[in-house]
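Just below is one structure, and these are the notes that go with it.
The values are calculated or read from the model by the stated rules, or taken from the named source; none is laboratory data. Being a predicted model, the structure only gives us computed values, none of them experimental. Methodologically, a virtual Cβ is constructed for each residue, glycine included, from the backbone with ideal geometry; neighbour enumeration extends over all protein chains shown. When the accessible area is computed, the model is the full protein with side chains, heavy atoms only, and any ligands, DNA or RNA have been set aside. Shrake-Rupley method; radii C 1.70, N 1.55, O 1.52, S 1.80 Å.
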Amino acid sequence: MATQICNELIHEPWMFYSDASQIPHVGGIYVIGIKRPRLRAIQYLYLGQSNDVNRRLQDHKYGRQDIDAFIRRNYRRNGGKDLRVKWIGEPRHQSREGGYIRCMENLLGYDLEYNKNGGNN
């Protein structure tokens, strides 16, 4: 099940973080990434879940987690133009977040820098 969700999430198109307010107020899984021009790619940084993905992405601009500080720094530096986000609706998002993190890291071949527990939460 987690692999199917991770594959679905990987194939979702990226959107600008500044456009996250267009995401509906629904539960689901989301990833935050950053455009790395030198790599010509978007690096996945963080996977999270929420009962309200729209609200949670807005909350990341003001929170206390390391990913929140990273987002604030990026907005101060360049208005958040390099930040990206993608999401999918998933009714069982709360009970499986750690599995989704591990699955995503396996598919990508690297750890999500801002998921400190590495999927062990």
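Kindly evaluate GLN4 against the criterion of being out of contact with any helix residue (DSSP H, G or I) (no Cβ under 7 Å at 6 or more places or on another chain), open to solvent by 60 Å² or more (accessible area, probe 1.4 Å) and assigned to a helix (DSSP H, G or I). It is true that GLN4 is out of contact with any helix residue (DSSP H, G or I) (no Cβ under 7 Å at 6 or more places or on another chain), open to solvent by 60 Å² or more (accessible area, probe 1.4 Å) and assigned to a helix (DSSP H, G or I).
Could you please give the count of residues in region 42-61 that are outside any strand (DSSP E or B) and either out of contact with any Lys or Arg (no Cβ under 8 Å at 6 or more places or on another chain) or small (Gly, Ala, Ser) (or both)?
Applying the first criterion (outside any strand (DSSP E or B)) to region 42-61 yields 51-61.
Remaining after also requiring either out of contact with any Lys or Arg (no Cβ under 8 Å at 6 or more places or on another chain) or small (Gly, Ala, Ser) (or both): 51-60.
The total comes to 10.
Here is the figure for region 89-116: residues that are open to solvent by 10 Å² or more (accessible area, probe 1.4 Å), touching a strand residue (DSSP E or B) at 6+ places or on another chain (Cβ under 8 Å) and not in a loop (DSSP other than H, G, I, E, B) total 3.
Can you spot a residue in region 63-77 that is of a type in the set (Phe, Trp, Tyr), out of contact with any His (no Cβ under 7 Å at 6 or more places or on another chain), in contact (Cβ under 8 Å) with a residue 60 or more places away in the chain and within 23 Å of ILE10 (Cβ to Cβ)? Reasoning before the result, please.
First, the residues of region 63-77 that are of a type in the set (Phe, Trp, Tyr): 70, 75.
Of the ones still in play, those that are also out of contact with any His (no Cβ under 7 Å at 6 or more places or on another chain) are 70, 75.
If we keep only those that are in contact (Cβ under 8 Å) with a residue 60 or more places away in the chain too, we end up with none.
Among the residues of region 63-77, not one is of a type in the set (Phe, Trp, Tyr), out of contact with any His (no Cβ under 7 Å at 6 or more places or on another chain), in contact (Cβ under 8 Å) with a residue 60 or more places away in the chain and within 23 Å of ILE10 (Cβ to Cβ), which makes the answer no.
To keep it simple, each residue is scored yes or no on (1) modelled with pLDDT under 95; (2) within 13 Å of the chain's Cα centre (by Cα).
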position	(1), (2)
ARG36	yes, no
LEU47	no, yes
VAL85	no, yes
ILE101	yes, yes
ASN115	yes, yes
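Residues in region 29-41 that are among the aliphatic types (A, V, I, L, M), assigned to a strand (DSSP E or B) and over 16 Å from ILE67 (Cα atoms): 1 in all. Of the set (1) in contact with a helix residue (DSSP H, G or I) (Cβ under 7 Å, 6 or more places away or on another chain); (2) at pLDDT 95 or above; (3) not small (Gly, Ala, Ser), all apply to ARG73 but (1).
For region 53-66, a residue qualifies if it is in contact with a helix residue (DSSP H, G or I) (Cβ under 9 Å, 6 or more places away or on another chain), of a type outside the set (Lys, Arg) and surrounded by 13 or more Cβ atoms within 10 Å (Cβ to Cβ), and the qualifying residues are VAL53, ASN54, LEU57, GLN58, ASP59, HIS60, GLY63.
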